[in-house]
Amino acid sequence: MNTNSLLEIQDLRVSFPLDEGTVQAVAGVNLAIQPGQVLGIVGESGCGKTVTAQSLLRIIPPPGRIDGGTILFRSSKQSGNGKDENIVDLAKLNPKSEMMRRIRGNEIAMIFQEPMSSFSPVHTVGSQIMEAILLHQDLSKQAARERAIEYMRLVGVPGAQDRMDDYPHQFSGGMRQRAMIAVALSCNPSLLVADEPTTALDVTIQAQILDLMRRLQQQFGMAVLFITHNLGVIAQIADHVAIMYLGQVVEQAPVREILRHPKHPYTMDLLRAVPRLGKTAGQRLVAIEGSIPSPLQRPMGCPFHPRCSKMIPGVCNTHVPQWVALNEIHSVRCVLYEPNAPTPNLEPANVRAASTLA
Ligand SMILES: Nc1ncnc2c1ncn2[C@@H]1O[C@H](COP(=O)(O)OP(=O)(O)O)[C@@H](O)[C@H]1O
Ligand SMILES: [Mg+2]
């Protein structure tokens, strides 16, 4: 693992064996995130963003399972004389183990698109924030209540003290989202995983929540894995971006680098589909040409080749592209950038297969 990284995912594979076949939800993901960095993951719906996030926390719903790869996480435990750091492979931990339970919620926290699903409807918002605090910190009930009010103020819930005793349904969508962020922050995580946290909100509220997250991220110095299908949101919040397609990261680089010098043909198409980034906050990705193949039938070779304008017959439909680091900050998975790219295998069968798919 790189000495600076907080998290490094290598060749992660996750599948769902179903009656109708096996869905390769994550098909060899590579990702790295540094402490205090905001990494945006962007890609069309169904490309494996959520399952990747669920893998880190080991909360993949059954029958999903990790088939291979590593998820190296720099775990740090407060001890008598400072911090004890050690590197844990989350992919190998038992999801129910003591260590995984400690990491989940304590070092890695998660917020979702739908906050209603992470709050119990029958308990007050305040009591649920207190519960999260008491789970991770050794405090009296009174102190936990005061801390909960503090967090509610921090995330901008007006009249925090009075609203402690409200139930989740009495909060607006934006306020519930804020309260969920308060729960996530209450354990002071080193990594916050945010899965489309603003997708269900209207544009004004979305902008407020993004501002809030950016501010808290800087204040707490935590890293954020921010998942979205909206490139406008990525441009607003992320330092780095990873572009996903059919269960793989196809490109990762700093946001500005990706916007100015995209390398992967898929990234180029995505950017073309968003003509002027500045004006598109809140706009969904415009569909690009061709449709996403069924997750049950992954194309051979590069999964993007059936839709790719730069497809090389006899290479892209047969050869699985490698993950290539172009330099320290920019990596891409496309044969166009492979130093030892194979020469086209133009046997008639390959060319025929490529032309029927294109
Ligand atoms: N619980 C599940 N059971 C079966 N298939 C699933 C399940 N969750 C996700 N998948 C499949 O895994 C793939 C990736 O899904 P997901 O990670 O939710 O995509 P995204 O978050 O990028 O929209 C999709 O093909 C989806 O159908
Ligand atoms: Mg999702």
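Which members of segment 53-94 meet the condition of being in a loop (DSSP other than H, G, I, E, B), more than 16 Å from ligand 2 (Cβ to nearest atom) and either modelled with pLDDT of 95 or more or among the β-branched types (Val, Ile, Thr) (or both)?
If the condition is that a residue be in a loop (DSSP other than H, G, I, E, B), more than 16 Å from ligand 2 (Cβ to nearest atom) and either modelled with pLDDT of 95 or more or among the β-branched types (Val, Ile, Thr) (or both), then Arg58, Pro62, Pro63, Leu93, Asn94 are the ones that fit.
Among the residues of segment 234-270 satisfying the criterion of being touching a residue at least 60 places away in the same chain (Cβ under 8 Å) and more than 19 Å from Val324 (Cα to Cα), which is nearest to ligand 2 (Cβ to nearest atom)?
Here the answer is Ile234.
Just need a number here: residues in segment 171-197 that are hydroxyl-bearing (Ser, Thr, Tyr) and either more than 21 Å from Gln128 (Cα to Cα) or assigned by TED's automatic domain parsing to the domain that holds Ile237 (or both).
Within segment 171-197, residues that are hydroxyl-bearing (Ser, Thr, Tyr) and either more than 21 Å from Gln128 (Cα to Cα) or assigned by TED's automatic domain parsing to the domain that holds Ile237 (or both) number 1.
Filter the strands (runs of 3 or more DSSP E) completely within segment 1-52 down to those with at least 3 residues that are of a type in the set (A, V, I, L, M, F, W, C) and within 13 Å of ligand 1 (Cβ to nearest atom).
Fully inside segment 1-52 and qualifying: 7-18, 21-33.
Give Ala207, Ala238 a once-over and let me know the one that is on the phi < 0 side of the Ramachandran plot, buried (at least 23 other Cβ atoms within 10 Å of the Cβ) and small (Gly, Ala, Ser).
Ala238
Which of the residues that make up segment 1-22 are at pLDDT below 95 and in contact with a Leu (Cβ under 6 Å, 6 or more places away or on another chain)?
Result: Met1, Gly21.
Being more than 16 Å from ligand 2 (Cβ to nearest atom) and among the β-branched types (Val, Ile, Thr) is the filter here, so list the residues in segment 30-50 that pass it.
Ile33, Val38, listed by residue number.
How many residues, within segment 38-49, are polar (S, T, N, Q) and modelled with pLDDT of 95 or more?
Within segment 38-49, residues that are polar (S, T, N, Q) and modelled with pLDDT of 95 or more number 0.
So if I check each of Leu231, Leu271, which one is over 18 Å from the mean Cα position of the chain (by Cα) and assigned by TED's automatic domain parsing to the domain that holds Ser45?
Leu271
The values are calculated or read from the model by the stated rules, or taken from the named source; none is laboratory data. These figures come from a predicted structure and were not determined experimentally. Quick reminder, even Gly has a Cβ in these numbers, built from the backbone with ideal geometry, and neighbours come from all protein chains shown.
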